[in-house]
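Step one of this worksheet: look at the structure below.
Quick note: the coordinates plus some simple rules give every number you see, no bench work behind them. Just so it is clear, the model here is predicted, and its values are computed rather than measured. Positions of Cβ are generated from backbone atoms using ideal geometry, with glycine treated the same way; all protein chains shown enter the neighbour counts.
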Amino acid sequence: MSFRADLHCHSTCSDGSMSPVELVDHAVEVGLKGLSITDHDAIEAFFLAKDRAEEQGLFLLPGVEFSSSLGGISVHILGYAFDPWDPMLAAFCKKHQRIREKRNQEILDLLKKYHGVEISKEELLGVSFSGVKQSSKSIGRPHIAQILVNKGVAKSIADAFNRFIGDNRPCFVRGERFSVAETIDCIHRAGGKAVIAHPHFIKRRRVEKELLSFNFDGVEAYYARLHPSQEKKWVEIGRERKWLLTGGSDFHGSVKPFIFLGSSWVCEKTFFTLYEHYQGHYAGATT
Ligand code: AMP
Ligand code: FE
Ligand code: FE
Ligand code: ZN
């Protein structure tokens with residue numbers, strides 16, 4: 001198989017069911033040559049997976065998926081090829097995680113108030129999607145959904161979202177978000193590239209138009225199991241702007257069992273544009 005790299009997946013550091021090391025092994029198993037683990041608001045997976053990737057001969061690119069807000073709408077922004085040791089980026093992730101803690105508690109309060117479901121902080125910290133303990137830095141709604149399944153309150157994670165905690169459902173809390181500009185700025189200051197995640201799902205034309213006015217470096221034109229006809233619009237927009245056209249599966253393991261690692265990917269040229277940019281941070285340091 002030709003060179004393929006999946007640039008979008010989640011580990012136990014956020015809401016994926018596989019540990020970073022397991023993800024590396026799985027990537028090799030499905031024939032991928034490159035990978036970026038893009039946890040929600042957390043970058044630890046890179047450090048946990050890099051030795052295994054090196055052993056396995058898999059190219060591992062630092063990645064992250066930040067939640068941000070634009071006109072009250074949640075927008076996900078991917079960051080790639082940044083300096084993973086950048087202290088400002090680490091601080092930004094920490095701030096996100098504090099915001100998440102507060103929001104999670106508000107969601108738990110609503111579940112108790114409206115449905116009499118009691119979930120403790122300890123339960124949330126100890127949740128596991130597949131027997132592997134989550135080392136989650138970014139705990140979010142999927143973790144709460146899993147507990148609702150464990151308690152028999154919901155039939156599946158999807159059911160928990162549909163009935164309780166999905167967007168605009170009774171126990172939904174939006175939470176505080178950073179702006180798109182702040183997020184891009186943080187990625188750029190850490191030497192990285194900022195990419196619009198899964199733009200195909202933006203429903204409001206006004207938000208789409210506004211998003212395109214920011215200084216992104218790329219767009220995730222190829223996504224999960226979308227048909228090329230659904231991707232075409234974003235391939236064209238990205239090409240017009242001379243942006244990077246990135247792609248990935250958004251694999252979450254058992255949390256989203258219908259999505260396979262490698263279902264979307266980028267070619268060798270795109271991957272190494274990013275990978276060489278990442279390596280470039282350190283060229284000066286060794287000479
Ligand atoms: P949060 O970042 O805490 O708001 O959680 C958002 C994450 O929940 C998304 O990135 C998805 O991984 C997951 N998610 C959203 N909607 C659903 C759904 N209907 N079923 C399963 N997972 C979902
Ligand atoms: Fe997720
Ligand atoms: Fe996303
Ligand atoms: Zn994702």
Check: How many nm is it between the label spots at Lys102 and Glu123, if each spot is 7 Å from the Cα in line with the beta carbon?
Finding: 2.5
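By per-residue mean of other Cβ atoms within 10 Å, what is the highest-first order of 247-257, 207-217?
Details: 247-257: 21.9, 207-217: 15.4.
The densest-packed peptide leads the list: 247-257, 207-217.
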Check: Which residues does a label at Ser135 reach in the range 1-29, if reach means a backbone N under 15 Å from a point 7 Å past the Cα toward the Cβ?
Finding: 10-25
Margin query: Through the Karplus equation 6.51 cos²θ - 1.76 cosθ + 1.60, θ set to phi - 60°, convert the phi angles of the range 242-259 into ³J(HN,Hα) values in whole Hz; use x for Gly and Pro.
Written below: 6, 8, 5, 9, 9, x, x, 8, 6, 4, 10, x, 5, 5, 9, x, 8, 10
Item checked: FRET efficiency, 1/(1 + (r/R0)^6) with R0 35 Å, evaluated for Gln279 and Arg169 via beta carbons -> 0.20
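Got the relative contact order for the chain handy, in percent, Cα pairs under 8 Å and 6 or more residues apart?
24
Once the piece of chain linking Trp85 and Arg205 is laid out straight, how much longer is it, given 0.36 nm per residue of separation minus the C-alpha distance between them?
Values: separation 120, 0.36 × 120 = 43.20 nm, distance 3.70 nm.
That works out to 39.5 nm of additional length.
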Notebook entry, point to check: Of His227, His143, His188, which is the most mobile in a GNM of the chain whose springs link Cα atoms less than 10 angstrom apart?
Noted result: His227
Check: Using a simple spin-label model with points 7 Å from Cα along the Cα→Cβ vector, what separation in nm is obtained for Asn150 and Asn162?
Finding: 2.3
Notebook entry, point to check: What residues qualify as long-range amide H neighbours of Leu70, i.e. H under 5 Å apart, gap of 5 or more or another chain, H built at 1.01 Å from N?
Noted result: Val75
Notebook entry, point to check: What is the range 156-287's relative contact order, in percent, from Cα pairs under 8 angstrom and six or more apart in sequence?
Noted result: 17
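Work out how much length Lys269 to Phe47 would gain on full extension: take 0.36 nm times their residue separation and subtract the Cα-Cα distance, in nm to one decimal.
On the way: separation 222, 0.36 × 222 = 79.92 nm, distance 2.45 nm.
Answer, rounded to one decimal: 77.5 nm.
Using just the helices of the chain, give the 222 nm mean residue ellipticity in deg cm²/dmol: DSSP H runs with n ≥ 4 each add -39,500 (n - 2.57), and the total is spread over all residues, rounded to 500. Walk me through the intermediate numbers first.
On the way: 10 runs with 121 residues, N = 287.
Helices in the chain give a 222 nm mean residue ellipticity of -13000 deg cm²/dmol.
Give, as a single signed number, the net charge of other residues whose beta carbon lies under 15 Å from the beta carbon of Glu29, with Lys and Arg counted +1 and Asp and Glu -1.
On the way: positive: Arg4, Lys33, Arg52; negative: Asp6, Glu22, Asp25, Glu55.
Surrounding charge for Glu29 is -1.
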Next item on the list: With a 10 Å radius around each residue's Cβ, average the other Cβ atoms per peptide and rank 233-244, 1-12, highest first.
Entry: 1-12, 233-244
Check: Measuring from centroid to centroid over Cα atoms, what is the spacing of the range 207-246 and the range 142-180 in Å?
Finding: 28
Check: At what distance in nm do the modelled label points of Ser179 and Glu54 sit from each other, each positioned 7 Å from its Cα along Cα→Cβ?
Finding: 4.1
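Hey, got the dipole for the chain? About the Cα centre, +1 on K and R Cβ, -1 on D and E Cβ, debye to the nearest 20? Kindly include the intermediate steps, with their values, before the conclusion.
Details: 37 positive and 35 negative charges, 222 e Å.
Result for the chain is approximately 1060 debye, rounded to the nearest 20.
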Notebook entry, point to check: Whole-Hz Karplus ³J(HN,Hα) for the range 109-114, in order, using 6.51 cos²θ - 1.76 cosθ + 1.60 and θ = phi - 60°, x for Gly and Pro?
Noted result: 4, 5, 4, 5, 5, 8
Notebook entry, point to check: Extension gain Lys94-Glu29, at 0.36 nm per residue separation less the Cα-Cα distance, in nm?
Noted result: 20.1 nm
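Add +1 for every Lys or Arg and -1 for every Asp or Glu among the other residues with Cβ under 12 Å from the Cβ of His188, and state the total.
On the way: positive: Arg189, Lys193; negative: Asp83, Asp86, Glu182, Asp185, Asp217.
Charge balance near His188 sits at -3.
If you average over every viewing direction, what projected area does the convex hull of the Cα atoms of the chain give, in nm²? Can you show the working numbers first?
On the way: hull surface 59.6 nm².
Hull-based average projected area comes out at 14.9 nm².
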Item checked: Length-normalised contact order of the range 127-202 in % [C-alpha pairs under 8 Å, at least 6 apart] -> 13
Notebook entry, point to check: What are the ³J(HN,Hα) values, in whole Hz, obtained from phi via the Karplus relation 6.51 cos²θ - 1.76 cosθ + 1.60 with θ = phi - 60°, for each residue of the range 165-175 in sequence order, with x given for Gly and Pro?
Noted result: 10, x, 3, 6, 7, x, 10, 7, 10, 5, x
Next item on the list: Taking amide H positions as placed in the peptide plane 1.01 Å from N, state which residues far from Arg4 in sequence (5 or more) or on other chains have amide H under 5 Å from it.
Entry: Lys33, Gly34
